[in-house]
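Before any comments, here is the structure.
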Amino acid sequence: MATKEEIKKEVDKLPANLLDEVYSYLKSVRDKNSLSEEEARRKWKEWWDDPETTFSPDFMNEYIQPPLENRVKMFD
């Protein structure tokens, strides 16, 4: 497991153009892990109970399953 010092050393080696990206990533990891279990369950329940707010109206208007492939039985 990496220590804070190791992470800081790696950040010091990064080119300036990547610092914003790394900073955003670190914030997202922190924010994601800062939710309590109850908050996380509530968010998942909201998403599960109302998928129309998550998906666009054209999401899978038609569901067409492709035909099964004909395969040779190898182990009879």
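The values are calculated or read from the model by the stated rules, or taken from the named source; none is laboratory data. This one's a predicted model, so the numbers in the text were calculated from it and none came from an experiment. Just the protein is used for accessible areas: all its heavy atoms, side chains included, with ligands, DNA and RNA removed. Shrake-Rupley method; radii C 1.70, N 1.55, O 1.52, S 1.80 Å.
In Å², what does the accessible area per residue of the chain work out to with a 1.4 Å probe?
Normalised by residue count, the accessible surface of the chain is 110 Å².
Would you mind getting the Kirkwood hydrodynamic radius of the chain from its Cα pairs, rounded to one decimal in Å?
18.2 Å
Can you give the extra length, in nm with one decimal, that the chain gains between TRP48 and ASP31 once fully stretched, where that is 0.36 nm per residue apart less the Cα-Cα distance?
Full extension of this stretch gives 4.0 nm more.
Ignoring ligands, DNA and RNA, what percent of the accessible area of the chain is carbon or sulfur (1.4 Å)?
Carbon and sulfur: 57 percent of the exposed surface of the chain.
Pairs on different chains or at least eight residues apart, Cα atoms closer than 16 Å: how many lysine pairs in the chain fit?
Counting lysine pairs in the chain gives 4.
Which residue fluctuates most in the GNM of the chain (Cα springs below 10 Å): LYS32, LYS45, LYS13?
Residue with maximal mean-square fluctuation among LYS32, LYS45, LYS13: LYS13.
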